[in-house]
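The values are calculated or read from the model by the stated rules, or taken from the named source; none is laboratory data. These figures come from a predicted structure and were not determined experimentally. Cβ: placed from backbone, ideal geometry, glycine included. Neighbour counts: every protein chain shown. Surface areas here come from the heavy atoms of the whole protein model, side chains and all, with no ligands, DNA or RNA. Shrake-Rupley method; radii C 1.70, N 1.55, O 1.52, S 1.80 Å.
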Amino acid sequence: MTAHVTQREPARDALTGPHQGLAQRWSRRPLQQVSQQVRQAGKGLLSTATIMVTIALSAALLQPQPVHAFSRTDTTVIDSVVALSALPRQAQDTHSRILAGGPFRFDKDGTVFGNRERLLPRQTRGYYREYTVTTPGVRHRGARRIVCGGLVVQSPETCFYTQDHYQSFQKIDPRR
């Protein structure tokens with residue numbers, strides 16, 4: 001049985017840049033031919049299983065990807081808005097300390113929050129800072145945090161509360 005990777009239209013090809021030529025060359029070759037070339041390159045050192053994994057991965061890389069697969073779109077996910085008065089007492093205390101400039105219990109408090117999860121609105125690096133919200137009965141930092149953003153640390157433009165270590169956020173409304 002000879003399997004063939006079908007050639008796609010260049011406009012729909014997800015691979016670009018230095019890999020584009022590779023994708024176009026491999027898309028015209030039957031997988032059996034690729035397998036033979038891989039086997040020859042390894043000169044018998046590669047097992048059949050390794051060759052099959054290489055072929056499967058190569059074929060997977062050549063599959064068409066949706067347009068958004070490689071884009072850097074805004075993935076902001078804010079679950080809700082919560083009143084400051086509705087947050088746990090420890091979160092309210094942390095928010096007060098943020099506005100006062102400290103003191104903070106943990107060394108990491110006030111450090112730059114990178115927003116790697118991209119759940120908060122995109123801003124330049126250094127815009128967001130994270131602060132620990134203590135959890136009763138827990139001796140370490142726990143999972144609860146307040147992340148504030150703004151140009152002036154003691155006058156944040158916006159703050160967010162997370163109780164599950166950055167898996168979800170609620171925007172804090174300090175007026176309520």
(message) Going by what's in this entry, would Arg105 be described as modelled with pLDDT under 95 and open to solvent by 90 Å² or more (accessible area, probe 1.4 Å)?
(response) yes
(message) Filter region 149-166 down to the residues that are open to solvent by 90 Å² or more (accessible area, probe 1.4 Å) and either farther than 13 Å from Tyr131 by Cβ or under 24 Å from the mean Cα position of the chain (by Cα) (or both) and list them by number.
(response) Leu151, Glu157, Gln163
(request) Take region 144-176 and flag every residue that is in a strand (DSSP E or B) and over 21 Å from Ala100 (Cβ atoms). (result) Thr162, Gln170, Lys171
(request) Please give the number of the condition Glu117 fails out of (1) free of Cβ contacts under 8 Å to residues at least 12 places away in the same chain; (2) more than 18 Å from Pro174 (Cα to Cα). (result) (1)
(request) Go through region 109-145 residue by residue and tally those that are surrounded by 15 or more Cβ atoms within 10 Å (Cβ to Cβ) and more than 19 Å from the chain's Cα centre (by Cα). (result) 10
